[in-house]
Amino acid sequence: MMKESDYQLIKLMRRKDDKQAFQVLYDKYWDQLYRIALLKIHHEQEASDIVQDLFVTIWVKRKELNINENVDLYLYRSLKNRIINHYKKKIITEKRVNEHYRNTSGQTAADAEGLCSYKELELIIHKELEDMPGKMKQVFLLSRYEQLSSKKISEMLSLSDQTVRNQISKAIKRIKITLEKRRITS
């Protein structure tokens, strides 16, 4: 199988759900795509997440893949689009925070403190997500940020539905414990 061209690997994935073909493609391109993402984003975990998401999408949509060009060009273009979307989301988030700040800037000090608390809460949750084991984090993000059902996640990641639900539950528990600790020490 190692001698198969990239296009043949895609055909095997599409027609036969060949996980080994996917693994060969993943092993061949993951490091290159990660380095490119890291150069553009300057954040290791975000770069890794973007590349991982790209490969998850390729596996999930393998039956629909219609690549009429070099597979490497397809992967690089897909990565470029994901990086652009990453920055668009960041800009939108920053705009919302700025709008919220502008709308609340004339309000009371307590409201301003609430905004700071919200940002602090966001940072605490983000930090806890970074500290989670890879699968737990991936399952939680797909559940909460991509709004996927546990059944859909289990299909995507080849996990049992119960394992997915357990991972989500553990992730939520970790976040709650961290927030409780912060509240006690504040």
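Taken together, the values in this text are just the output of simple stated rules run on the coordinates, not laboratory data. Source: prediction; values computed, not measured. As a convention, Cβ positions derive from the backbone with ideal geometry for all residues, glycine included, and neighbour counts pool all protein chains shown.
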Go through the stretch 1-71 and name the trypsin sites (Lys or Arg not before Pro) that are in a DSSP coil and have 15 or fewer other Cβ atoms within 10 Å of their Cβ.
3, 61
Distance (nanometres) between label positions extended 7 Å along Cα→Cβ at residue 44 and residue 72:
2.7
Using the structure shown, select from 11/152; 61/151; 63/135; 28/90 the pairs with a Cα to Cα distance greater than 18 angstrom.
11/152; 63/135; 28/90
Based on the Cβ-Cβ distance of residue 57 and residue 162, what FRET efficiency does E = 1/(1 + (r/R0)^6) give at R0 = 30 Å, to the nearest 0.05?
0.80
Give me the distance in nm between label points sitting 7 Å out from Cα along the Cα-to-Cβ direction at residue 125 and residue 146, one decimal.
1.9
